[in-house]
1. All but one of (1) within 11 Å of ligand 1 (Cβ to nearest atom); (2) within 19 Å of residue A:242 (Cβ to Cβ); (3) not assigned by TED's automatic domain parsing to the domain that holds residue A:229 hold for residue A:120; state the number of the condition that does not hold.
2. Here are some residues: B:194, B:201. Which one is farther than 30 Å from residue B:61 by Cβ and within 16 Å of ligand 3 (Cβ to nearest atom)?
3. How many residues are within 19 Å of residue B:249 (Cα to Cα), within 16 Å of ligand 4 (Cβ to nearest atom) and surrounded by 21 or more Cβ atoms within 10 Å (Cβ to Cβ) if we restrict to the stretch A:36-79?
4. In the stretch A:15-43, how many are closer than 26 Å to residue A:149 by Cα and in contact (Cβ under 8 Å) with a residue 24 or more places away in the chain?
5. Given the conditions (1) in a helix (DSSP H, G or I); (2) within 16 Å of ligand 3 (Cβ to nearest atom); (3) within 14 Å of chain A (Cβ to nearest Cβ); (4) in contact with a helix residue (DSSP H, G or I) (Cβ under 6 Å, 6 or more places away or on another chain), which single one is not true for residue B:225?
6. Please give the number of the condition residue B:210 fails out of (1) crowded, with 17+ Cβ neighbours inside 10 Å; (2) touching a helix residue (DSSP H, G or I) at 6+ places or on another chain (Cβ under 7 Å).
7. Do you know which residues across the stretch B:275-300 are assigned to a loop (DSSP other than H, G, I, E, B) and either out of contact with any helix residue (DSSP H, G or I) (no Cβ under 7 Å at 6 or more places or on another chain) or near ligand 3 (Cβ under 8 Å from one of its atoms) (or both)?
Ligand SMILES: Cc1cc2nc3c(=O)[nH]c(=O)nc-3n(C[C@H](O)[C@H](O)[C@H](O)COP(=O)(O)OP(=O)(O)OC[C@H]3O[C@@H](n4cnc5c(N)ncnc54)[C@H](O)[C@@H]3O)c2cc1C
Ligand code: SF4
Ligand code: SF4
Ligand code: FES
């Protein structure tokens, strides 16, 4: 029987600097067989180890439709994330997972999508976007609203253009007031405000949002307000401190659920049913 | 299988076990009653109030190395263990392991826990002298319950013991020992059992808690109830069913430690966000997890009524009172901020 706490060895193949404190790490498992058999869902996460420093959870920012490697986009925050930022190409790390439920693709198929991301919250959405673009016929129109504090803090800059030019995709980029520079051609304003301004109709549409808690809160309020989304039409990811990723260490328990195992993806309706801790 | 053994025969059984197994049993260690490895029959206590620490430490140790790493090579900790017997475990504590099994032996099995469970026989001792703080009978258990044990020893007093196996391994231990149990012995046993159950003063109706908890999440009551608590975590650490842990890297090894929901760091994220920042929320989590969420998820309360939490709380918080005084109707909501 497998030991659930043992990470698999993975090698850093490429490091992409996204912003001053965010990098994307492209990894492959050392064991080729594992690399071939490793499957996951958009919205799932892994526990990433730097031995001697520790382990932390990060969502898979890559898409299962593009096998051969996995990617995590990681913001420098504390001990483990600092150590990850110090890694170089060729370094060996540990990965265990995938964990969590992932996005409910079955519910999303055939529908129009609006993806609302803030800051590094675009990472899990990127997995979903790539997934949708690779299976373009299975989904309706896609509207992506993405914002960051300033133009320098937008992640996946090259890829954003690629998405913009994909069939039936509309992109709206925004930066917080004061975060624009002279070349900036996107919107200026907080993400929830821009969402209300664009006001995508809730007809046959699902709204998926990831970002800082405060942004999510206002997106949920706005969308279920005048925009007319029902809570079942809104999907978000929850963040909670984690250690085991397997529903054992007790840390990420909120209400009846463990965010690591029953989440991190929930509909707004599910969150309401869970009660009041968020 | 049931057999009747005299004290000397019981001692011989224990001595035999010591030859074949690592035996862990209750001893008096400088005034504290603790389960410890023993090598002599004389060390072992016979009549004792339940141990300060529960036996969970032998399945989920306070500190446990998960694996070592040397230049990126991961070396799992050696999981193989000599066969052990925990002797003298009380019914409440035996049952606590069945509850921990629901966490550690679910679809994602914890091999560290599993191997320890697999290599351990539980020989239990029923209670004839429950303490004031005991209320196992309120939690689907009782002073003479054998649930979770391989073998239960019931003290019929006057040096006679009734042994009852509860697993093939337990039966193996009993084979060829003592004499048959007759109707009179059974009667004495039942009498003692009933007498002991009557001695348990604390009686709770835990099923009532669920509804109160559901209505009372936002109640201002929790502010009042948690005021005395100093968040020391003793109730969590000493509880046989509390299983929360932390994982951290130390010099060359990854280790897990006991942790608890009473500590602010438990849920404090690097960003500074903390859904259970306040003492009230942390205090409350323990009640909701044990008597609400676990019941909803597994159909049982995460409590065996051993009473350790209330015996050892430095500010004398009695969880049963806290629950019983929780208003049945929702009070003025005090939203968390
Ligand atoms: C499901 C999920 C997906 C995530 N995806 C991403 C991502 O794609 N990119 C990204 O940059 N960040 C992500 N995070 C947040 C990231 O896990 C934390 O920033 C990270 O754990 C901080 O670790 P640290 O060691 O640098 O900080 P320290 O303060 O040194 O933290 C110590 C340990 O506490 C735990 N911890 C602390 N904060 C958090 C937290 N917010 N969430 C979970 N565990 C925490 C971790 O085990 C961490 O190693 C995600 C969190 C979750 C729960
Ligand atoms: S033992 Fe008492 S004071 Fe300590 S955390 Fe538990 S309830 Fe609070
Ligand atoms: S909550 Fe208290 S009485 Fe119940 S099992 Fe834990 S320590 Fe024992
Ligand atoms: S991270 Fe351990 S229970 Fe969810």
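1. Status for residue A:120: all satisfied but (3).
2. Details: B:194 fails: within 16 Å of ligand 3 (Cβ to nearest atom).
Exactly one residue qualifies, and that residue is B:201.
3. Residues meeting the conditions: 8.
4. Number satisfying all stated conditions: 12.
5. (3)
6. (1)
7. B:278, B:299, listed by residue number.
Okay, residues lined up against (1) over 22 Å from the mean Cα position of the chain (by Cα); (2) not in a loop (DSSP other than H, G, I, E, B):
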site: A:174; (1), (2): no, yes
site: A:179; (1), (2): yes, no
site: A:185; (1), (2): yes, no
site: A:200; (1), (2): no, no
site: A:203; (1), (2): yes, no
site: A:221; (1), (2): no, yes
site: A:228; (1), (2): yes, no
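The values are calculated or read from the model by the stated rules, or taken from the named source; none is laboratory data. These numbers were taken from a predicted model, which means no experiment stands behind them. A quick note on method: Cβ atoms are made from the backbone with ideal geometry, for glycine too, and the neighbour counts reach across all protein chains shown.
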